[in-house]
Amino acid sequence: MSISHQTQPTPDSCMSTCLAMILDVPASQVIDEFHERYKSNYKRASAYLQEKGLCPSPRNVEDRQLWSDRVYLLAVPSLNIDGGMHSVVADTRNDETRILDPNRGREGRRYYREQHKPKEPLGELESDLNGWVIELEVWF
């Protein structure tokens with residue numbers, strides 16, 4: 001199963017949109033069920049994914065290795081909010097690493113490009129992802 005990219009509908013819904021991509025449901029559904037509870041520190045992403053039948057595993061913040069055949073929820077530096085954080089999905093299945101950034105597709109918003117290709121020039125709003133913290137490793 002390949003994860004389909006979704007664009008976050010609001011400036012602060014990156015986490016909800018990442019969960020929607022992992023679950024293969026519309027972002028609006030996750031926003032309705034999860035977003036406000038997450039923002040108020042009442043619900044964690046891991047608990048929400050468990051409720052939906054997945055097996056997320058929190059990772060040690062010192063572990064930056066992305067292993068093959070896994071899906072990760074990553075915390076990354078925001079490209080659009082000075083000093084802010086942002087959530088993206090890393091899918092290391094199918095012999096490649098894909099970065100699914102929910103900011104991709106939002107007008108005027110910078111985003112991490114899907115694959116690191118050092119010899120290819122970056123688009124105007126693109127950046128390569130070079131640093132992250134693994135929030136969750138997700139097992140299907």
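Values quoted throughout were computed directly from the atomic coordinates according to the rules given, and no laboratory measurement underlies them. Given the structure is predicted, the values throughout are model-derived calculations rather than measurements. Reconstructed Cβ throughout: ideal geometry from the backbone, glycine too, with neighbour counts over all protein chains shown.
Measuring from label point to label point, each 7 Å out along Cα→Cβ, what is the His5 to Phe140 span in nm?
1.8 nm
Among bridges DSSP assigns within segment 14-139, what percent are antiparallel (round to 5)? Mind showing how you got there, number by number?
Details: 19 of 21 bridges.
Antiparallel bridges: around 90 percent, rounded to the nearest 5.
Would you mind working out the magnitude of the charge dipole of segment 14-139 relative to its Cα centre, with +1 at each Lys and Arg C-beta and -1 at each Asp and Glu C-beta, to the nearest 20 Debye?
Values: 17 positive and 21 negative charges, 36 e Å.
With only Lys, Arg, Asp and Glu charged at Cβ, the dipole is about 180 debye.
Relative contact order (percent) for the chain, with alpha-carbon contacts under 8 angstrom and 6 or more residues of separation?
Working: 250 pairs, mean separation 37.2, N = 140.
So the answer I get is 27 percent.
Using a/c under 1.5 as the rounded threshold, could you call segment 1-106 rounded, prolate or oblate? The axes a ≥ b ≥ c are square roots of the C-alpha gyration tensor eigenvalues, and prolate needs a/b larger than b/c, oblate otherwise.
It comes out rounded by the Cα gyration axes.
Can you work out the PRE-style zone for Glu51? Point 7 Å along Cα to Cβ, and I want the residues of segment 15-43 with backbone N under 11 Å.
30-38, 42-43
Just grab the label-to-label distance for Trp67 and Met85, each label 7 Å out from Cα along the Cβ direction, in nm (one decimal).
2.3 nm
Take the Cβ-Cβ distance between Ser78 and Glu107 as r, set R0 to 25 Å, and report the resulting FRET efficiency rounded to the nearest 0.05.
Numbers: r = 17 Å, r/R0 = 0.67.
According to the calculation, E is roughly 0.90.
Through the Karplus equation 6.51 cos²θ - 1.76 cosθ + 1.60, θ set to phi - 60°, convert the phi angles of segment 121-137 into ³J(HN,Hα) values in whole Hz; use x for Gly and Pro.
In residue order, the calculated couplings are x, 7, x, 4, 9, 8, 9, 8, 8, 10, x, 7, 10, 6, 8, 9, 9 Hz.
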